[in-house]
1. Mean projection of the alpha-carbon convex hull of the chain over all orientations, in nm²?
2. What is the fewest-to-most order of 127, 192, 22 by other Cβ atoms lying within 10 Å of their Cβ?
3. Estimate the FRET efficiency between residue 92 and residue 194 by the formula 1/(1 + (r/R0)^6), using the beta-carbon distance for r and 41 Å for R0, to the nearest 0.05.
4. So, in nm, how far is label residue 45 from label residue 12 when the simple model puts each one 7 Å beyond its Cα toward the Cβ?
5. Please list the helices of the chain that count as membrane-span-like by this rule: a mean Kyte-Doolittle hydropathy of at least -0.5 together with Cα atoms stretching 30 Å or more along the helix axis, each helix being a complete DSSP H run.
6. How far, in nm, would the chain grow between residue 206 and residue 77 when pulled straight, counting 0.36 nm per residue and subtracting the alpha carbon separation?
7. Based on the Kirkwood radius over alpha-carbon pairs, what value in µm²/s does the Stokes-Einstein equation return for the translational diffusion coefficient of the range 102-213 at 25 °C and 0.890 mPa s?
8. Determine, for 74, 82, 185, 101, the number of other Cβ atoms within 10 Å of each Cβ, and report the residues in order from fewest to most.
Amino acid sequence: MSFENDTGLIANKTFQEWKAQFPAMPILVTIIKHLLAMRGLNEPVNGGIGGFSVTCLVVSLLQNMPQVKSGTMIPEHHLGEILMEFFDLYGNEFNTSTTGISVNPPKLFSKSAARDVVYRDLHAQKFSIIDPNRADNDIAGGSSNTPAIQNCFSAAYTALQQSMNTLQHSNLESRRNQSILRCIIGGNYESFRLQRDHLAHLHEELIGPIEDE
């Protein structure tokens, strides 16, 4: 809870605008956030990157992909391809020491030429993302674990490639009910199911039946 601080409200408005512009964005963000959370890389207080930073990384990718810009690719029809592009770009190609990210306006910028000194730390190997609502604020300023985050993205890219290659060369029966994403976000989700059932039970007791939308 914040008092006399509307940055969260403004960020949510920005998120809703991006969601309308890129319907694929929240789906991609959910997968990436979960991947990071499973590895303890999702909290800025621990050197990770938070949800809004992940959102900006996804939006920047979508803003700058030639196929999306030209209208020849509808992102929500190519979620797998864009997810792979994300992991390859930010895991293997992106130089966080020299390059920063702006989403408003959409561009990549050289840290050495940045106007604001907050983005000029060339010795820090970390993501630098200009807050779309306040240019002097680096929303990824606490991402001191960026090398581990990039290694995570790179490993996810490699694992998905291997998973797809294995399934491609398997017969139809062995591919049945197999998940490609299992290699990066597979796990025991029993605790999630128990929590969901508990919350549903509380809702029915205190409020009433849950109605499907």
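Bear in mind these aren't lab numbers, they're just calculated from the coordinates by the rules spelled out. Please read these numbers as outputs of a predicted model, since none were measured by experiment. Ideal geometry is used to build each Cβ from the backbone, glycine not excepted, and the neighbour counts take in all protein chains shown.
1. Details: hull surface 62.3 nm².
With the hull built on Cα positions only, its mean projection is 15.6 nm².
2. Values: 127 25, 192 10, 22 20.
Placing the least packed residue first, the sequence is 192, 22, 127.
3. Working: r = 38 Å, r/R0 = 0.92.
After rounding to 0.05, the efficiency reads 0.60.
4. The two pseudo-label positions are separated by 2.1 nm.
5. Values: long enough: 146-168 (33 Å, -0.05).
Counting only whole DSSP H runs, the qualifying helices are 146-168.
6. On the way: separation 129, 0.36 × 129 = 46.44 nm, distance 4.01 nm.
Between residue 206 and residue 77, full extension yields an extra 42.4 nm.
7. Values: Rh = 19.0 Å.
Estimated via Stokes-Einstein, D reaches 129 µm²/s.
8. With the sparsest Cβ surroundings first, the list reads 74, 185, 82, 101.
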